[in-house]
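Visitor: Pasting a structure here, questions to come.
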Amino acid sequence: MRTYPFVSVIIPVFNASQRLEMCLEALTGQTYPGDFYEIIVVDNNSDQDIEGVVRRFDRAIYAFEACSGSYTARNRGVSLSKGDIIAFTDSDCMPAQDWIQKGVSRLLGATDYGLVAGKINFSFKDPNRPTAVELYDSVTYLQQKEHVERDGFGTTANLFTFRKIIDRVGPFDDTLKSGGDRQWGQRASSFGYKPVYADDVNVTHPAVYSIVQLCKRRRRVTGGLYGLRKREHCSFCEHGGILAKRFFGPLSNISLILKDRRVCGVRRRIKLIFIVLLVDSLASLEKIRLALGGKPERH
């Protein structure tokens, strides 16, 4: 009888019970043998009945973490897991039916890397006509290939690694509310565990539909990156790179969006340019607020 490495799938969740149910349904129907994986859902002190959702799935395990922060919840999940391979995804993601199988296969085939960062696709409320906000989100957020090849990390929306690597590198920094996957991935790289991008290891993430949700998330992400850069005491050259990115970032995003074949019509183009400038301005204001002693966003 063939044996398979045991996989622990870690999912932090704060509310989002409907999306979590869809995620668990997708994970229940995996092509990977059911006796060789577990799903650990860590409720990060939600207001909704997360436990009730988890209890409907035989293979899922419910855990609770009162301290706020998705990285605190992920660390809690890892501490409860028993897999030799640890897979991370988010409660609002829909893993492909062969997600675990493909992720494990790519990880076991590793010769010079220790992290597999899979592709993150985007879904839209109307697949035939994404809104300007959805289109902006799908072009600028969770760009996994870019994160791996340019920044040396993979986001935890779709990430596989070995338990022994986590044991050596250490847990996520649970003081961070955002950017913890970047910090951990780059720390793993410093130990010699490089990430690899795998476009056949797929999850689907819903694009943000509301401008309010988009701005709220940008504030949270900005806060995480601000904390990381402050803690790491960037060198003069690194600060120069950050300033250049701040200046050219909006221009780059505008260029990427306007090249998308789904962008047509003058009004739609104007809307997208407005969103880019609005979100970038909000990020700058958030950095000022944090520099003046403001607290980062929780979720």
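The values are calculated or read from the model by the stated rules, or taken from the named source; none is laboratory data. None of these values were measured; they are calculated from a predicted model. Ideal geometry is used to build each Cβ from the backbone, glycine not excepted, and the neighbour counts take in all protein chains shown.
Visitor: Would you mind finding the one in Leu142, Leu80, Leu108 that is out of contact with any strand residue (DSSP E or B) (no Cβ under 6 Å at 6 or more places or on another chain) and not small (Gly, Ala, Ser)?
Guide: Exactly one residue qualifies, and that residue is Leu108.
Visitor: Mind listing whichever residues of the stretch 24-44 are over 15 Å from Phe6 (Cα atoms) and either surrounded by 15 or more Cβ atoms within 10 Å (Cβ to Cβ) or outside the structural domain of Phe88 (by TED's automatic domain parsing) (or both)?
Guide: Correct list: Leu24, Ala26, Val41, Val42, Asp43, Asn44.
Visitor: Of the numbered conditions (1) surrounded by fewer than 21 Cβ atoms within 10 Å (Cβ to Cβ); (2) among the small types (Gly, Ala, Ser); (3) under 22 Å from Val196 (Cβ atoms), Gly114 satisfies every one except a single condition; which is it?
Guide: (1)
Visitor: So which residues in the stretch 76-91 are small (Gly, Ala, Ser) and part of a strand (DSSP E or B)?
Guide: Within the stretch 76-91, just Ala87 meets the criteria.
Visitor: Quick one: what pairs do we get from the stretch 165-182, first residue assigned by TED's automatic domain parsing to the domain that holds Thr72 and surrounded by 16 or more Cβ atoms within 10 Å (Cβ to Cβ), second β-branched (Val, Ile, Thr) and modelled with pLDDT of 95 or more, C-beta under 7 Å, 6+ apart or different chains?
Guide: From residues that are assigned by TED's automatic domain parsing to the domain that holds Thr72 and surrounded by 16 or more Cβ atoms within 10 Å (Cβ to Cβ), the pairs are Ile166/Val78; Ile166/Ile86; Pro171/Val78; Asp174/Thr72; Asp181/Thr155; Asp181/Thr156.
Visitor: Name the helices (runs of 4 or more DSSP H) wholly within the stretch 131-232 that hold at least 3 residues that are over 18 Å from Ile120 (Cβ atoms)?
Guide: It comes to 163-169, 180-190, 211-232.
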